[in-house]
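Comments concern the structure below.
The values are calculated or read from the model by the stated rules, or taken from the named source; none is laboratory data. What you see is a predicted model, and the numbers here were worked out from it, not measured in a lab. All Cβ positions, glycine included, derive from the backbone under ideal geometry; neighbour counts span all protein chains shown. Accessible surface is based on the protein model in full, side chains and every heavy atom, while ligands, DNA and RNA are left aside. Shrake-Rupley method; radii C 1.70, N 1.55, O 1.52, S 1.80 Å.
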Amino acid sequence: MIESKIWLSSPHMGGNEQQYVKEAFDTNWVAPLGPNVTGFEKDLEAYVLNDTHVAALSSGTAAIHLGLVLLDVKAGDTVICQSFTFSASANPILYQGATPIFIDSEKETWNMCPKALEEAIIDCTSKGKKPRAIIAVHLYGMPFNATAIRAVADHYQIPILEDSAEALGSKYKGQMCGTFGDLGVLSFNGNKIITTSGGGALVAPTKELKEKAVFFATQSRDHAPHYQHSEIGYNYRLSNICAGIGRGQMEVLDRHIALRRSMHDFYVDCFLKIEGVSVFTEPNDDYFSNHWLSAIVVDPSKTKGKTREDLRLALEKHNIESRPLWKPMHLQPVFEKYPYYGGAVSNQLFENGLCLPSGSNLDSSDRERIRKVIELFFEV
Ligand SMILES: *Cc1c(COP(=O)(O)O)cnc(C)c1O
């Protein structure tokens, strides 16, 4: 008998999503605007707080791209980006014709190393090209060290575009992720902590910036009865249908975070007696991760040579999905020619790290299946 597939992270509906979608159909708001879009934005603003203004967009990638447009990043500029991330953090730099500069991670948070960041800024500036923006990422839901990154950014007066695509509901020193940057980015892709099937948002500190984002996202239409354009526009607004799913998902977000965090606790317990495997955990009480994905690092010198790839294949044999950590951007064929600052922290994480099934919809029988395979594999 083939056991059912256990996914890394799959959509988890709360129940009311279809009601919001039905209302959209009943009132014929089948368009990239309408009550669900406005309602979803209000829900997000109430959730992340900090006097934010949220623009719902078609994807997190679109939000990063519009963020760079709003920060006035142009062809020929340079933009600093965390290397250890998903490619969508960096691709929009190239959409703008700018050059990415990649930065290594620190060991504590796996996110941008503040020291390597400062080194890059000093070096680039001395070569006559001060970076125009910093894209810092809260990877796997773990907040980056916002105090240290903000101090460097402010010292050199470079704005931060905060990629919080994986970190809705995570907090640093009690403040919600998504609100640390000059602009913040959220994603509601199918595998994220909540989903609209596909979608994203830009979190702005002022109403004016939000309105400017919506202007760009709706083809940059000038105020005129005919279609007139003084700036290049984009078609990046979220559909009222998808926003309906988002409103339903907001009702269960906190419950899903609690469930993801309990998956992390499950893995801590699972690996308690297994030498050579560490579960990625908050470095101290300043950090609260939504634990979007639970991740481990395997040290083969302490596991009788067993690697994370061996574990991945053992899980796969039992129809359980797991995945190596993000391959850093400076190692990607498409990005390897760009400058890189730092050491080998992200290289090593990629080599030895693995993401494990983390969905809020995994039940106790799924957990027992996962535990059995892990214990068999490590012979405990
Ligand atoms: C998912 C993700 C994005 C992109 O979001 P989409 O909604 O899929 O376009 C950007 N950055 C990170 C770190 C992500 O995980």
For a quick check of your reading: which helices (runs of 4 or more DSSP H) sit entirely within the range 27-123 and have at least 3 residues that are surrounded by fewer than 22 Cβ atoms within 10 Å (Cβ to Cβ) and more than 16 Å from the ligand (Cβ to nearest atom)? 35-48
Consider the range 82-121. How many of its residues are among the basic types (K, R) and under 18 Å from R150 (Cα atoms)? 1
How about the range 141-151: which of its residues are closer than 30 Å to F188 by Cβ and among the hydrophobic types (A, V, I, L, M, F, W, C)? M142, F144, A146, A148, I149
What are the residue pairs meeting all of these: first residue in the range 132-150, first residue on the phi > 0 side of the Ramachandran plot and within 15 Å of the ligand (Cβ to nearest atom), second residue at pLDDT below 95 and polar (S, T, N, Q), Cβ atoms under 7 Å, and 6 or more apart or on different chains? none
With the first residue restricted to the range 179-193 and required to be of a type in the set (S, T, Y), and the second required to be near the ligand (Cβ under 7 Å from one of its atoms) and in a strand (DSSP E or B), Cβ contacts under 8 Å at 6 or more apart or on different chains are S187/G200
Looking only at the range 1-17, which residues are surrounded by fewer than 14 Cβ atoms within 10 Å (Cβ to Cβ) and of a type outside the set (A, V, I, L, M, F, W, C)? E3, S4, K5, G15
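Listed here are the residues, each with its yes/no results for (1) modelled with pLDDT under 95; (2) part of a strand (DSSP E or B); (3) closer than 30 Å to H291 by Cβ.
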residue: T196; (1), (2), (3): no, no, yes
residue: A201; (1), (2), (3): no, yes, yes
residue: E211; (1), (2), (3): no, no, no
residue: F216; (1), (2), (3): no, no, no
residue: H229; (1), (2), (3): no, no, no
residue: I232; (1), (2), (3): no, no, no
Residue count, the range 151-172 (criterion: among the acidic types (D, E) and away from the ligand (no atom under 15 Å from the Cβ)): 1
Kindly indicate whether Q175 is more than 14 Å from the ligand (Cβ to nearest atom) and open to solvent by 70 Å² or more (accessible area, probe 1.4 Å). no
Long-range neighbours under 8 Å by Cβ, at least six apart or interchain, first residue over 16 Å from L362 (Cβ atoms) within the range 258-279, second open to solvent by 20 Å² or more (accessible area, probe 1.4 Å) and polar (S, T, N, Q): F271/S278; G276/S301
